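*Asks:* What follows is a single structure, and I will ask about it in a moment.
The values are calculated or read from the model by the stated rules, or taken from the named source; none is laboratory data. Remember, predicted model here, so these are calculated numbers, not experimental data. Positions of Cβ are generated from backbone atoms using ideal geometry, with glycine treated the same way; all protein chains shown enter the neighbour counts. Note: areas computed on protein heavy atoms with side chains; ligands, DNA, RNA excluded. Shrake-Rupley method; radii C 1.70, N 1.55, O 1.52, S 1.80 Å.
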Amino acid sequence: MSVVRSNLIRAPEVRARFGGISDPTLYRWVKQAVIPQPIKIGHDRLWDDRELDEHVEALKRARTA
């Protein structure tokens, strides 16, 4: 069995990563599939930073195709 390691990050880190966007913008982008859905653990919503990178790269490739 292999273990997949990921780095889960919270909304403030995601917002900062995208230039300091607001919470409403963050969740609008989630709804619009600009960024992936968060993983909900208890009351926390967390994003896999690797998944965010892959999703953004896919959007870039689609834009240039």
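*Asks:* Quick check: with the 1.4 Å probe, what order do Asp44, Asp49 take by accessible area, largest first?
*Replies:* Largest accessible area first, the residues go Asp44, Asp49.
*Asks:* What whole-number value in Å² describes the accessible area per residue of the chain for a 1.4 Å probe?
*Replies:* 77
*Asks:* What residues have an amide H closer than 5 Å to that of Ile39, excluding those fewer than 5 places away on the same chain, when H is modeled at 1.01 Å from N in the peptide plane?
*Replies:* Amide H neighbours of Ile39: Leu46, Trp47, Asp48.
*Asks:* Here's a follow-up. Output wanted: per-residue J couplings in Hz (rounded whole) for region 54-63, from phi through Karplus 6.51 cos²θ - 1.76 cosθ + 1.60, θ = phi - 60°, x for Gly and Pro.
*Replies:* Running phi through 6.51 cos²θ - 1.76 cosθ + 1.60 with θ = phi - 60° gives 4, 5, 5, 5, 5, 5, 4, 4, 5, 5 Hz.
*Asks:* Leaving out ligands, DNA and RNA, what percent of the accessible area of the chain is carbon and sulfur, probe 1.4 Å? The partial results should precede the final answer.
*Replies:* Numbers: 2630 of 5030 Å².
Carbon and sulfur together cover 52 percent of it.
*Asks:* Which whole-number percentage describes the relative contact order of the chain, with Cα contacts under 8 Å and a sequence gap of 6 or more? Don't skip to the answer; put the middle values down first.
*Replies:* Numbers: 50 pairs, mean separation 23.0, N = 65.
Reported relative contact order: 35 percent.
*Asks:* For the chain, run through the chymotrypsin sites (Phe, Trp or Tyr not before Pro) and keep only the ones in DSSP coil with at most 16 other Cβ atoms within 10 Å of their Cβ.
*Replies:* In loop regions of the chain (DSSP not H, G, I, E or B), the sparsely surrounded chymotrypsin sites (Phe, Trp or Tyr not before Pro) are Phe18.
*Asks:* Also: Given the chain, report the % of alpha carbon pairs whose separation exceeds 19 Å.
*Replies:* Tail of the P(r) past 19 Å holds 33 percent of the pairs.
*Asks:* On to the next question. I need the phi-derived Karplus couplings for region 8-14: 6.51 cos²θ - 1.76 cosθ + 1.60, θ = phi - 60°, integer Hz, Gly and Pro marked x.
*Replies:* Once θ is set to phi - 60°, the couplings for region 8-14 become 8, 10, 8, 3, x, 6, 5 Hz.
*Asks:* State, to one decimal in nm, how far the label point of Arg15 lies from the label point of Ala62, with both points 7 Å from Cα in the Cβ direction.
*Replies:* 2.5
*Asks:* Still on this structure: Can you pull the accessible area of Ile41 for me, 1.4 Å probe, Å² to the nearest 10?
*Replies:* Around 90 Å² of this residue is reachable by solvent.
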